[in-house]
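Data first, discussion second: the structure below is written as structure tokens.
The values are calculated or read from the model by the stated rules, or taken from the named source; none is laboratory data. None of these values were measured; they are calculated from a predicted model. Counting neighbours? That spans all protein chains shown, and the Cβs are built from the backbone with ideal geometry, glycine included. Accessible surface areas use protein heavy atoms only, side chains included; no ligands, DNA or RNA. Shrake-Rupley method; radii C 1.70, N 1.55, O 1.52, S 1.80 Å.
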Protein chains: 2
Amino acid sequence: MTERFDAVDVIRTKRDRGELSDDQIDWVVDAYTRGVVAEEQMSALAMAILLNGMSRREIARWTAAMIATGERMDFSSLSRPTADKHSTGGVGDKITLPLAPLVATFGVAVPQLSGRGLGHTGGTLDKLEAIPGWRAALSNEEMLAQLEEVGAVVCQAGSGLAPADRKLYALRDVTGTVESIPLIASSIMSKKIAEGTGALVLDVKVGSGAFMKSLDDARELARTMVDLGTDAGVRTVALLTDMSTPLGLTAGNALEVRESVEVLAGGGPPDVVALTLALAREMLAAAGKPDVDPAPALADGRAMDTWRRMIAAQGGDPDAPLPVARHTEQVLAPADGVLVRLDALAVGVAAWRLGAGRARRDEDVQAGAGVEMHAKPGAVVRAGEPLMTLHTDTPERFERAKDALADAVTIAPEGDRAAVGPVVIERVG
Amino acid sequence: MTERFDAVDVIRTKRDRGELSDDQIDWVVDAYTRGVVAEEQMSALAMAILLNGMSRREIARWTAAMIATGERMDFSSLSRPTADKHSTGGVGDKITLPLAPLVATFGVAVPQLSGRGLGHTGGTLDKLEAIPGWRAALSNEEMLAQLEEVGAVVCQAGSGLAPADRKLYALRDVTGTVESIPLIASSIMSKKIAEGTGALVLDVKVGSGAFMKSLDDARELARTMVDLGTDAGVRTVALLTDMSTPLGLTAGNALEVRESVEVLAGGGPPDVVALTLALAREMLAAAGKPDVDPAPALADGRAMDTWRRMIAAQGGDPDAPLPVARHTEQVLAPADGVLVRLDALAVGVAAWRLGAGRARRDEDVQAGAGVEMHAKPGAVVRAGEPLMTLHTDTPERFERAKDALADAVTIAPEGDRAAVGPVVIERVG
């Protein structure tokens, strides 16, 4: 077959700050997926896109081209409206766990097609796999049946959605071309649009533990994704949320499940509860239920009931004891005062090094490993009291975890006020 | 072996407009040559270099790192000083053919390690291979013996010099990363410095038929290469020369040999003679012979004698008839007037399409194919008179060659003056 374009011409167009035509984009994404455009050609193009940007039209077309390389799912046979949530990834971000059953409690189907963690942010599937018996892989039919019967499902994304994205993401990961807002936005949105959700709420993290370090970048990513979703007929809204400090008091797989169950039992850390409710309200509104207040369902056990059915439907035992790491070590407060900073990235890296995360895709994670925090910014602490407890099955990892935490906290003289902001910074709709 | 760096960190440094350290450069060039840095990683880095540039220190180190991947040659055993010439490539650029024997006539060794043509500019080896019996491949020993005995040698560059450059050039060719001044300069100079020449004269072409279309870019490339050579202990100078119109009256392999022999016989087109003498003077001066006037040696047959010995030493018969194409076709002047423009790129593409050049490295070229010009800018022409003769063995190529020439000439009313500038525009030393 004669190809419609030459890869070098397409690369040169973007390199020289031109706009790629619709036909060029359709061709290069498809030809890359077919193997006609080589990896080294796509990486040069990705670098040119990262450095020279893409217009709104180019991003939308690039996203559509990635969707066109695979299958599309369809939830229209369900009796319930669908609403999905996507987080750009943070430290201690277990929000999907209480959120999905909470929203499902109100008659909305919540399909959470999730991934595993890589690097310092955990993966939702890794967390749920800490529950004995729970399995992430479902067929499309099993997923649809569970959405109809339980309302909430968290499962492994199939390989059929936007295969171009899978290939391109692996390439970007090894070529220094991850940090491009057009490429990040199209990667996320191609899968969400192909998945067929009716509504989508994006949780765009900003701060040291997030991919986006600055509010401006987070805002641009949120705006780009909201536009992409809206243009594709998905009711889409984004919340910019704080990731300068970890969410809640735990980072690690079983540790985060435990904290999520506390939230579903009506307790749990205030920031986790606040963000769960804020996202639930957005999802319910986007699914056509703007007047529902989800908060009572955390207190009265309805969300917990849905959680138990969701876990059981995928083989998990919601009553089984969660795995516990074999070794723990304390990190003590170095001084009296008020904790004004607890750095999300440092805690995330420490949890990762303790065994909660993986450095390569084929590694296993430890279910019990992670960091448990005893104080959050704003708390008064005393020298020698425990600030954190580190958990691992492999105690030789403590040293490198503590190295990561060496500069993680700032303690100011008592009487100083910690600048503790709200977890939800801004809404982009 | 544990690697000293991570390729993604090196790519990110340049992507984010940082300077690469000496250690990073040494590592990434060596690791790429060893296959540890993958093609898709190097192409992303090459694109970042193209878009974000390199400092003088980075370029020098990159060049040194490429040299360090291979062998270095040594001409110090010769009784003569060495001077080399490199052209960045143009249409009808046969200057090496008269120049090498001319300079050698004055006791300077001229090692011309050359390549074959790709695209619209011809290759010196392709031209000399039009001479029956001539062979391009010499061993190092044969080359040194010929330099000592004849003084001039034009031969194929061995694969041992800067193998990193060979690999990187092939990658840049397919990834839209050729047009980077730091990468062009380091590619050329790594081979010239590794070759071990004592003096080097660079012919940097500027104009439509050249790689550098603007004088500013050509000047920057020349300055970069002169600095690289000087810093490496090679006496280096550059001439910026005009490539808006072809050099001489022929573009094509045997056609250019014929014209070169005319120059060696004391005739030939004025621009070819002028550039040959200008480059010869620079080479002689750089080789320690600033007071020699090379012009008489073209008139009195001394340069021709050296040419004949140079060709014969490599198996060629300087008296054999040159190949002639089986078919010719005329291109006629469309109007009366003065020829004010004859575009180098158009003529180069036409010659290429007639069979003088190749589109892929494994193609053969036609010895007799090419374009013979009957008028150059400044000449008065009459409608219907031949402007050019096209030569090929494969007459089905005439149409596409004429397509390339459709907009190649501008004829102004007689009395208008053509802006014909000197062939040498500027000296960078």
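Count, for each residue of A:34-47, the Cβ atoms from other chains sitting within 10 Å of its Cβ, then give me the mean as a whole number.
Taking all residues of A:34-47 together, the mean is 6.
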Label 7 Å beyond Cα on the Cβ vector: A:Ala359 copy-to-copy distances, nm: 4.8
task: Note the angle between two axes, namely the Cα long axis of helix A:39-52 and the longest principal axis of the Cα atoms of chain A, as a number of degrees from 0 to 90, rounded to the nearest 10.
output: 70
task: Within the set of other residues whose C-beta is less than 14 Å from the C-beta of B:Glu148, count the net charge using Lys and Arg as +1 and Asp and Glu as -1.
output: -2
task: Would you please classify the overall shape of region A:122-190 from the alpha carbon gyration tensor, given that a ≥ b ≥ c denote the square roots of the eigenvalues, rounded means a/c under 1.5, and beyond that prolate means a/b larger than b/c while oblate covers the rest?
output: prolate
- request: Can you tell me which of A:371-382, B:366-377 comes out highest on packing, and rank the rest after it, using the mean Cβ neighbours within 10 Å?
  value: B:366-377, A:371-382
message: I need to check one value: relative contact order of chain A, counting alpha carbon pairs closer than 8 Å and at least 6 residues apart, in percent.
response: 19
Accessible-area value, A:Asp293, 1.4 Å probe, nucleic acids and ligands omitted, Å²: 80
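Can you pull the mean other chain C-beta count within 10 Å for peptide A:3-11?
Whole-number average of other-chain Cβ neighbours for A:3-11 is 2.
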- line: The FRET efficiency for A:Thr394 and B:Arg56, from their Cβ-Cβ distance with R0 = 51 Å and rounded to 0.05, is 0.55
statement: Mean accessible area per residue over the protein assembly as shown (1.4 angstrom probe, all protein chains present, square angstrom) is 38
statement: Those trypsin sites (Lys or Arg not before Pro) from region B:16-105 that are DSSP loop and have at most 15 other Cβ neighbours within 10 Å turn out to be B:Arg17, B:Arg72
message: Run the label-point distances for B:Asp6 please: 7 Å along Cα to Cβ, every other copy, nanometres, shortest first.
response: 3.8
Inter-label distance, nm, simple model (7 Å from Cα along the C-beta direction), A:Glu19/B:Ala406: 2.7
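Classify region A:83-313 as rounded, prolate or oblate from the Cα gyration tensor: take a ≥ b ≥ c as the square roots of its eigenvalues, call it rounded if a/c is under 1.5, otherwise prolate when a/b beats b/c and oblate if not.
Judged from the Cα gyration tensor, region A:83-313 comes out rounded (a/c under 1.5).
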- prompt: To the nearest 10 degrees, how steeply does helix B:163-174 sit against the main Cα axis of chain B, on a 0 to 90 scale?
  reply: 60
message: Could you compute how much accessible surface A:Cys155 exposes when probed at 1.4 Å, giving the result in Å² to the nearest 10?
response: 0
field: Per-residue mean of C-beta atoms belonging to partner chains within 10 Å, peptide B:178-186
entry: 1
- prompt: Against the longest principal axis of chain B, how steep is helix B:270-286, in degrees 0 to 90 to the nearest 10, with axes from Cα atoms?
  reply: 30
query: Shortest first, in nm, what separates the label point of A:Arg326 from those of the same position in the other copies (7 Å along Cα→Cβ)?
result: 8.2
